[in-house]
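The values are calculated or read from the model by the stated rules, or taken from the named source; none is laboratory data. Remember, predicted model here, so these are calculated numbers, not experimental data. No Cβ is skipped: glycine too gets one built from the backbone with ideal geometry, and neighbour counts run over all protein chains shown.
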């Protein structure tokens with residue numbers, strides 16, 4: 001890319017936020033246009049900045065990084081979201097991808113690799129830590145090894161449970177599903193737990209995959 005890459009970040013650790021900002025500003029082809037400590041601030045102010053790339057911490061207090069992506073991606077059509085986390089968990093990885101993230105790196109990633117990943121995601125690539133890529137490949141392998149298993153299991157769901165799986169596939173958060181169906185948050189969470197048990201899955205991403213296999 002010829003133009004400077006505008007980068008914003010959402011990170012609750014002030015020291016890391018400062019060091020990442022300095023790292024980005026030290027690059028001639030990049031500039032840090034916004035630094036946010038909470039998801040709430042990011043949702044309120046990010047759109048006006050129109051960054052090319054957002055470094056998004058997953059585990060934020062309050063609004064999570066995944067929910068931030070869900071809320072912002074509709075308003076920031078050209079922005080790419082690069083998720084950062086201290087450790088990978090399969091549910092975080094899959095939910096990030098379903099939310100619309102374009103890459104997924106560990107916070108322990110070397111600075112040079114992080115800068116390279118920002119360039120890559122700005123150019124339409126999907127950078128990922130090696131361990132995350134292996135996790136996705138394993139998930140794909142297991143899914144392909146049991147084709148058609150999802151249909152029979154989906155038929156075991158109640159009408160309400162199937163409705164909730166459909167809403168999960170639209171990337172809605174539990175509280176949004178609760179409001180849409182006029183249910184309590186706790187009731188939605190209980191339904192989701194039953195869905196996971198019946199579908200023999202561990203997280204939202206796997207449940208949604210079974211839903212689409214239908």
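Hey, which of the strands (runs of 3 or more DSSP E) in segment 1-102, taking only ones fully inside, have at least 2 residues that are farther than 23 Å from residue 125 by Cα?
Strands (runs of 3 or more DSSP E) meeting the threshold: 30-36.
Against the conditions (1) at pLDDT below 85; (2) within 24 Å of residue 63 (Cβ to Cβ); (3) not assigned by TED's automatic domain parsing to the domain that holds residue 107, where does residue 184 fall short? Just the number, please.
Of the numbered conditions (1) at pLDDT below 85; (2) within 24 Å of residue 63 (Cβ to Cβ); (3) not assigned by TED's automatic domain parsing to the domain that holds residue 107, the odd one out for residue 184 is (1).
Is it true that residue 78 is within 19 Å of the chain's Cα centre (by Cα), over 23 Å from residue 204 (Cβ atoms), outside the structural domain of residue 203 (by TED's automatic domain parsing) and free of Cβ contacts under 8 Å to residues at least 24 places away in the same chain?
no
Within segment 31-48, can one find any residue that is assigned by TED's automatic domain parsing to the domain that holds residue 112, surrounded by fewer than 21 Cβ atoms within 10 Å (Cβ to Cβ) and touching a residue at least 40 places away in the same chain (Cβ under 8 Å)?
no
Filter segment 198-214 down to the residues that are surrounded by fewer than 16 Cβ atoms within 10 Å (Cβ to Cβ), more than 18 Å from residue 66 (Cβ to Cβ) and under 23 Å from the mean Cα position of the chain (by Cα) and list them by number.
Within segment 198-214, 200, 212, 213 qualify.
Residues of segment 60-70 being surrounded by fewer than 24 Cβ atoms within 10 Å (Cβ to Cβ), free of Cβ contacts under 8 Å to residues at least 40 places away in the same chain and either within 22 Å of residue 119 (Cβ to Cβ) or within 12 Å of the chain's Cα centre (by Cα) (or both), which ones?
Residue satisfying the conditions is 64 alone.
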